[in-house]
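See below for the structure under consideration.
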Amino acid sequence: MSKTSLDLQTTVHVEASNLKAYYLTEQQGVMKEVKAVEDVSFDIEGSKFLAIVGESGCGKTTLAKVLYGFVNSNLSIIGGRICYSFGDAQYEVSPTANTLKDAWWKKISYVPQGSLSALNPVRKLKDIFLDLANSHGVPFQEEKVKNHLKMVKLPPYILRMYPFELSGGMRQRVVIALATLLHPSVIIADEPTSALDVVTQRDILRLLKSIQVDAKSTFIFITHDISLVPDLADFMAIMYGGCIVEYGPTEAIFSRPLHPYTKFLLSTVPTIGDKTEKQPIPGSPVNLIDPPPGCRFHPRCPYGEKICAEQRPGLVENKANSWECRVACWLYR
Ligand code: SF4
């Protein structure tokens, strides 16, 4: 019998250490580096839901691609590595190796932002499922696919349709059905609901959470919307300017945020009955081509000291209320 995510639930381990990934881009005839992922470290094990949160342009989509080993010609891994251990097999993405492609779909899968671009517009959905099964040496069994569609709340007749004939929410369910068809143990979802209306967004998020719980998979969810996180994630990582600035259990970060940027983000979350005017975070996001020296948040931080502009703080453990959180800020040294 083949192993499923249920069999592997206790052995999946994802560890990113000092991961650094840059784009090479041309500006007015000059080649420049975009320092999109800078020294990112975290680890997660077993059936856990991790949310990576940050504002637009902070490097989180690049991080998602690197975590999936989707490194194309203008994106390079400069340093560090990401290791996946599935108990019976190990995979690595680093400057010198990328073995993760061998694990795509069967052990790790990816739910992208835009469902329309993820589906071949000239193939009927049955053919798209057929192609996926064939390309992985798995027999295509229509009844099983129909049952799988039922799990993501889609009627079986959609197999006869083209992607453009479905609504945005239905297409996103198809993408989720494809990503989970071969029972991967790790799923990375990059802003999977950003193009959907609020009601559909809520339904899709509930679906993703139920899939993660039922399949006991490891889920890495990328979002700019911190208000979505408490209902979903066991752990969260706050990303700013290509760096992870705070990492820990969701409950801990929501009840006692440490990093000044996390505090700003949480202060923007609306709550019922709160009529106070929400203040935007002062200043502008980091220019990743020319990030400031030291702490990348220091030009916007009200607590900055001399050292903040000179040296970048590493992510170190801080036992807040007995929770094990990690924070990258000189205030906690
Ligand atoms: Fe602010 Fe300094 Fe902490 Fe950066 S290291 S967040 S500038 S106090």
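Given a Förster radius of 35 Å and the C-beta distance between SER210 and ARG333 as r, what FRET efficiency does 1/(1 + (r/R0)^6) yield to the nearest 0.05?
The computed FRET efficiency comes out at 0.25.
Which whole-Hz couplings ³J(HN,Hα) result when phi for each residue of segment 301-315 is put into the Karplus expression 6.51 cos²θ - 1.76 cosθ + 1.60, θ = phi - 60°, listed in order with x for Gly and Pro?
Karplus values, whole Hz, x for Gly and Pro: 8, x, 9, x, 10, 4, 4, 4, 7, 10, 10, 7, x, x, 7.
Students often get this wrong, so check it: of LYS60/LYS306; LYS32/LYS60; LYS107/LYS144; LYS60/LYS150, which have C-alpha atoms separated by over 30 Å?
LYS60/LYS150
When DSSP assigns beta bridges and you keep just the ones with both residues in the chain, what percent turn out antiparallel, to the nearest 5?
Close to 65 percent.
Using per-residue counts of other Cβ atoms within 10 Å, averaged over each peptide, order 127-133, 91-97 from highest down.
Descending packing order for the listed peptides: 127-133, 91-97.
Over segment 168-307, what is the relative contact order in whole percent, taking alpha-carbon pairs under 8 Å and six or more residues apart?
Values: 122 pairs, mean separation 23.3, N = 140.
It comes to 17 percent, rounded to a whole number.
Taking only protein heavy atoms and a 1.4 Å probe, what accessible area per residue, in Å², does the chain have with all protein chains in place?
Spelled out: the 1.4 Å probe surface of the chain, per residue, equals 48 Å².
Between the helical axis of 142-151 and the dominant principal axis of the chain, each derived from Cα atoms, what acute angle in degrees is found, rounded to the nearest 10?
40 degrees
Sorted by mean Cβ packing within 10 Å, highest first, what order do the peptides 294-303, 116-125 take?
Values: 294-303: 19.4, 116-125: 14.6.
Packing proxy ranking, top to bottom: 294-303, 116-125.
Take the solvent-accessible surface of the protein heavy atoms, probe 1.4 Å, and return the percent of it on segment 1-123 that carbon and sulfur atoms account for.
Numbers: 2840 of 5840 Å².
With neighbouring chains kept in place, the figure for segment 1-123 is 49 percent.
Counting other Cβ atoms within 10 Å, keep those with at most 15, restrict to DSSP loop, and tell me which GluC sites (Glu not before Pro) in segment 255-333 are left.
GLU277, GLU305, GLU310
Kindly write out, for segment 72-78 in residue order, the coupling ³J(HN,Hα) from the Karplus curve 6.51 cos²θ - 1.76 cosθ + 1.60 (θ = phi - 60°), rounded to whole Hz, with x marking Gly and Pro.
Ordered by residue, 3J(HN,Hα) equals 9, 4, 9, 10, 10, 8, 8 Hz.
The values are calculated or read from the model by the stated rules, or taken from the named source; none is laboratory data. Computed from a prediction, not measured in an experiment: that's the story for all the values here. For neighbour counting, all protein chains shown are included, and Cβ atoms are generated from backbone atoms with ideal geometry for every residue, glycine included. Quick note on the areas: whole protein, heavy atoms, side chains included, nothing else; ligands and nucleic acids left out. Shrake-Rupley method; radii C 1.70, N 1.55, O 1.52, S 1.80 Å.
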